[in-house]
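The values are calculated or read from the model by the stated rules, or taken from the named source; none is laboratory data. Treat the numbers as computed from the prediction; the structure is a model and nothing was measured. FYI the Cβ positions are ideal-geometry reconstructions off the backbone, even for glycines, and counts take in every protein chain you see.
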Ligand code: 8Y4
């Protein structure tokens, strides 16, 4: 039961670039197939179904438009679509599980019939997650890292779906008031380590856990930059690392730009995250991010082999 490359299937014995050789297999098992993150970065496209979404002004509250947006993202190269119905903007009003379900369930239901890629439900509430999984969602993105709803960990364990555990200091209402850390990278790492342990004790399989530093969640500009710079400390947890920088406030501050003018900064930050070891990037602009990440992946893993050169 060692970690020798010879333990794995023949595929894992083939020569790989130094970057990926002898790394643990970063493969997530979902109901819509395996997601292999050991040779390329996974792009998660964001579909907000909130009337007050800070970054797209609620343009996709209408379920039909949200579904069309998700379909477009799948065409543009998204590997996962993340659907959320509660705004986590600082100071945003919390919504009831009923309201959240009214927003997201019709979108998940209709999108499930139209795209074959995995769908992620962005929620902290077990009732919402359960209903979303029943409608065909594949993965739970819980920004509270299983702390908000005591029913969430047992649900994820029983359903055997992947779960993203994200760091946040404080609550969405108060997190940006005065974020403080002695050592942000070490503190985020220790938090994620303890949430992995909590998930394992609830019966979640290690192979289904994703970790996330929670860029912008109780962090100032320097904290966010330190986390991107120090991301390799999180890859040492041995689980896929998800990073969301898209259109966030720290990009706006560095560029002195509003949410609609943050594309280049968001792409630069995503590329930096990939080169520092991120395995999943959560983005609004899928087409652009997929193209930027292709270059970062070539730098990280080597250029992909042409189809004709592949064995078997
Ligand atoms: C200012 C700027 C205030 C941006 C809020 C925001 C992440 C996430 C979000 C993330 C994971 C957002 C749901 C989007 N960010 N989930 N969710 N990781 N796993 N908020 O970074 O941009 S909310």
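Residues in region 212-222 that are farther than 16 Å from residue 82 by Cβ and within 13 Å of the ligand (Cβ to nearest atom): 213, 218, 219, 220, 221. Which helices (runs of 4 or more DSSP H) sit wholly inside region 198-312 and have at least 2 residues that are buried (at least 24 other Cβ atoms within 10 Å of the Cβ)? Helices (runs of 4 or more DSSP H) meeting the threshold: 221-229, 263-275, 286-301. In region 96-123, the qualifying residues are those that are part of a loop (DSSP other than H, G, I, E, B) and without any contact (Cβ under 8 Å) to a residue 24 or more places away in the chain, and the one that is farthest from the ligand (Cβ to nearest atom) is 113.
Of all residues in region 242-263, those satisfying the criterion of being closer than 23 Å to residue 75 by Cβ and more than 10 Å from the ligand (Cβ to nearest atom) are 260, 263. Within region 170-191, at least one residue is in a helix (DSSP H, G or I), within 14 Å of the ligand (Cβ to nearest atom), crowded, with 23+ Cβ neighbours inside 10 Å and free of Cβ contacts under 8 Å to residues at least 60 places away in the same chain.
Going by the structure shown, is residue 246 in contact (Cβ under 8 Å) with a residue 60 or more places away in the chain and under 26 Å from residue 175 (Cα atoms)? For residue 246, the condition - in contact (Cβ under 8 Å) with a residue 60 or more places away in the chain and under 26 Å from residue 175 (Cα atoms) - is met. Scanning region 194-211 turns up no residue that is farther than 25 Å from residue 31 by Cα, within 12 Å of the ligand (Cβ to nearest atom) and in contact with a helix residue (DSSP H, G or I) (Cβ under 7 Å, 6 or more places away or on another chain). Mind checking whether some residue in region 144-154 is out of contact with any strand residue (DSSP E or B) (no Cβ under 9 Å at 6 or more places or on another chain), in a loop (DSSP other than H, G, I, E, B), at pLDDT below 95 and within 16 Å of the ligand (Cβ to nearest atom)? The answer is no; no qualifying residue exists.
For residue 91, the conditions (1) within 13 Å of the ligand (Cβ to nearest atom); (2) within 29 Å of residue 193 (Cβ to Cβ); (3) modelled with pLDDT under 95 are fulfilled apart from (2).
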